[in-house]
Amino acid sequence: MTGPKIISTTISLQDTDAQAYATRQLLKDVFPSWSTDRIDVESLTGGITNCLLKCTHKAYTPQEMVVLVRAYGRGTGTIIDRNREFCTHMHLHSQGLAPPLYARFGNGLVYGFIPGRSVDYQELSNPILIKGVSRMLARWHTVLDGDVIRSLMAEQSGEEEDLIVNDVWQLCSKWISNLPSATQEQRDNIALLTRELEWVQSEIQFKGGPTVVAHCDLLSGNVLVPENWMPKSSTILPVTFIDYEYAMPVPRAFDLANHFREWQGFACRVSLIPEVGGPVMREWGKHYIEGGHYYKKGSSEVQQNGITVTEQEIDDLMNEIWAWWGMPGFYWGIWATIQAQISTIDFDYTSYAQNRLSEYWAWKKQYAVKDRKGSTSNSNL
């Protein structure tokens, strides 16, 4: 297969029987040698907003092949650029960082299955997992090329490249424009968030380090480890990142700050978030910087000359993270406000939006004081 197939089929998220039938027919189109009566369809996640199906052809035979079918529901295009997701996945696969992408259909993707399990948010502080995640994220930030993804997007969509939303500021502005505006209170909220976006951009835009192709949603559920790995294991841990819906070029500090904020989980257990510049975050940062040097120089040069990470490098990284420390709360607060209007998932998006936006307001109150002090290498939020 020379590249992902483009198929017009759509898959229902409401009628499970119709969903299974359409999925088997879709896979027959993608893999002509498959027999529809030999395809097992298992729902991993489901609902009106999104579903993920594990599909196995010729299960329990030497010819067994497993793929995933992800189908998107109503409203998700308001938040997620599906063309960017598709093109990012293709580029990731070309760099050995994602499974093969077999097809794009009317409301989803067909791609390879990676065996393993997602980690729990309380495992993210495990020293072995810290090393695995930080080194893999360094690999992403070093080897991926945003210009390649941008060119693929223009090629796939037919849009001019300068019309593509390509940074977090444009994306947040787009999200704010999609917020509900029926009442005066809602319109006032839009005006407030618009002013905050202008302010935070003016303050931190150039303080987040180099622009990289970032995952932007590195919560525990998107970190995959071997099925039999246990948190107390002392073995070297292979880590894979999944779900590239929000991946885009941003200053690296956003990806790092966002990941650390995700240590709290959806329950918002803020006590689990590591201190900015504290020993846990500095250790994580050391592994991340080592990984960046490794993937930039190449293994042969590293073996010859070794890798040295200075305290100044770690200090600089901590200062980048501090400058962007409030941005994940701002970003996901807007996102959750939209989700509260469009999603049918049984989740209190309104409260979640308030919790995440409160992170931004708390950071802003401290920003001026800490910014005047300079280094955050030995300070807490």
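Every read-out reported here was derived from the displayed coordinates using simple, explicitly stated rules and does not represent laboratory data. Just so it is clear, the structure is predicted and the values come from calculations on it, not from any experiment. Virtual Cβ from ideal backbone geometry, glycine too; neighbours counted across all protein chains shown.
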Quick check for you: which residues of the stretch 196-223 have the amide N under 19 Å from the point 7 Å beyond the Cα of ALA368 toward its beta carbon? 196-205
Under 5 Å from the placed amide H of ALA214, counting only residues 5+ away or on other chains, we find MET248, VAL250
Mind listing the long-range amide H neighbours of GLY108? Cut-off is under 5 Å, sequence gap 5 or more, other chains count too, H placed in the peptide plane at 1.01 Å from N. TYR72
Show me, for the stretch 179-186, the HN-Hα J-couplings you get by feeding each phi into the Karplus relation (A = 6.51, B = -1.76, C = 1.60, θ = phi - 60°), rounded to Hz, glycine and proline as x. 5, x, 9, 6, 10, 5, 4, 5
FRET efficiency for ARG117 and ASP346, using Cβ-Cβ distance with R0 set to 30 Å, rounded to 0.05: 0.80
Among GluC sites (Glu not before Pro) in the stretch 34-118, those in a DSSP loop whose Cβ has at most 15 other Cβ atoms within 10 Å are GLU64
Would you mind checking the tilt of helix 82-94 against the longest principal axis of the Cα atoms of the chain, expressed as 0 to 90 degrees and rounded to 10? 90 degrees
Which chymotrypsin sites (Phe, Trp or Tyr not before Pro) from the stretch 1-83 combine a DSSP loop assignment with at most 11 other Cβ atoms within 10 Å? TYR60
I'd like the projected area of the chain, averaged over all directions, using the convex hull of its alpha carbons. Report it in nm² with one decimal. 20.7 nm²
Summing -39500 (n - 2.57) over every DSSP H run of at least 4 residues in the chain and dividing by its residue count gives a helix-only mean residue ellipticity at 222 nm, to the nearest 500 deg cm²/dmol, of -15500 deg cm²/dmol
Percent relative contact order of the stretch 48-127, based on C-alpha pairs within less than 8 angstrom and at least six residues apart? 26 percent
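At a 10 angstrom cut-off on C-beta neighbours, averaged per residue, how do the peptides 268-275, 244-251, 318-325, 120-127 rank from highest to lowest? Show your work: numbers first, answer last.
Numbers: 268-275: 15.0, 244-251: 23.2, 318-325: 24.9, 120-127: 17.0.
Ranked by mean Cβ neighbours within 10 Å, highest first: 318-325, 244-251, 120-127, 268-275.
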Over the chain, relative contact order from alpha-carbon pairs under 8 Å, at least 6 apart, %: 16 percent
Can you compute the charge dipole magnitude of the chain about its Cα centre, using +1 on each Lys and Arg Cβ and -1 on each Asp and Glu Cβ, nothing else charged? Give it in debye, rounded to the nearest 20. 420 debye
Compute the acute angle (0 to 90°) between the alpha-carbon long axis of helix 146-157 and the principal axis of greatest extent of the alpha-carbon atoms of the chain; round to the nearest 10°. 40 degrees
